[in-house]
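Taking it in order: structure first as structure tokens, then the write-up.
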Amino acid sequence: MKILTAYFSHSGENYFSGKIINVEKGNTAIVAEKIAAMTGCALFEIKRMTPYPEKYRDCVKEAVSELSVSARPELEVYPDVSGYDTVILGYPNWCGTMPAPVFTFLESADFSGKAVLPFCTNEGSGLGKSVADIKKVAPRAEAREGLSIKGGNARECDADLKKWLADNGVL
């Protein structure tokens, strides 16, 4: 089985347990790297051509604006997913779903016959409607049950990750 972990993550100011703090690496990146270490899969970071602002409130304002008009921002790189059987897809919960660049990623490739395993970092809002949105924008993918990870627990989520990956036949 060939596996790709594709993820979008935001560094700079992020929201943690009611506080805005500055981070060098976003929670989703931390989890994606754990998955790559556990599975030996390929790792791809989804990056918007124009980075989001590092300041939390400015980033939120821009993300809300994009999602309100269903924007599909250009990405720095569009990976070829044709050689993969499974795509593990990571993202933070922004406005109850995935950030706009994740929509761009999903709409830019053919996911026919591929299992998509979503994981979402958040501070209590869970997966939101992101799994339903994956099914809408990548209808030929086999979107599986997602894993919600509290961002503040990203560094300590190994047991949950192992169980989820094993339940999905990846470990």
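The values are calculated or read from the model by the stated rules, or taken from the named source; none is laboratory data. Here the structure is a predicted model, which is why all the values come from computation and not from measurement. With ideal geometry, Cβ positions are generated from the backbone for all residues, glycine too; neighbour counts draw on all protein chains shown. Calculation scope for accessible area: heavy atoms of the full protein, side chains included, ligands and nucleic acids excluded. Shrake-Rupley method; radii C 1.70, N 1.55, O 1.52, S 1.80 Å.
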The condition from (1) of a type in the set (A, V, I, L, M); (2) free of Cβ contacts under 8 Å to residues at least 60 places away in the same chain; (3) touching a strand residue (DSSP E or B) at 6+ places or on another chain (Cβ under 8 Å); (4) not in a helix (DSSP H, G or I) that residue 89 misses is numbered (2)
Failed criterion for residue 114 (all others in (1) over 16 Å from the mean Cα position of the chain (by Cα); (2) free of Cβ contacts under 8 Å to residues at least 60 places away in the same chain; (3) open to solvent by 20 Å² or more (accessible area, probe 1.4 Å); (4) within 24 Å of residue 170 (Cα to Cα) hold): (3)
Quick one: residue 121 ticks every box in (1) touching a residue at least 40 places away in the same chain (Cβ under 8 Å); (2) over 18 Å from residue 27 (Cβ atoms); (3) in a strand (DSSP E or B) bar one, so which box is it? (2)
Among (1) open to solvent by 50 Å² or more (accessible area, probe 1.4 Å); (2) over 27 Å from residue 40 (Cβ atoms), the one test that residue 71 misses: (1)
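Counting residues that are hydroxyl-bearing (Ser, Thr, Tyr), which strands (runs of 3 or more DSSP E) fully inside the stretch 1-81 reach at least 1? It would help to see each step written out before you state the result.
On the way: elements: 3-7, 12-16, 19-23, 42-45.
Per the criteria, 3-7, 12-16.
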Would you confirm, using the coordinates I've provided, whether residue 26 is more than 16 Å from the chain's Cα centre (by Cα) and either over 15 Å from residue 118 (Cα atoms) or among the aromatic types (Phe, Trp, Tyr) (or both)? no
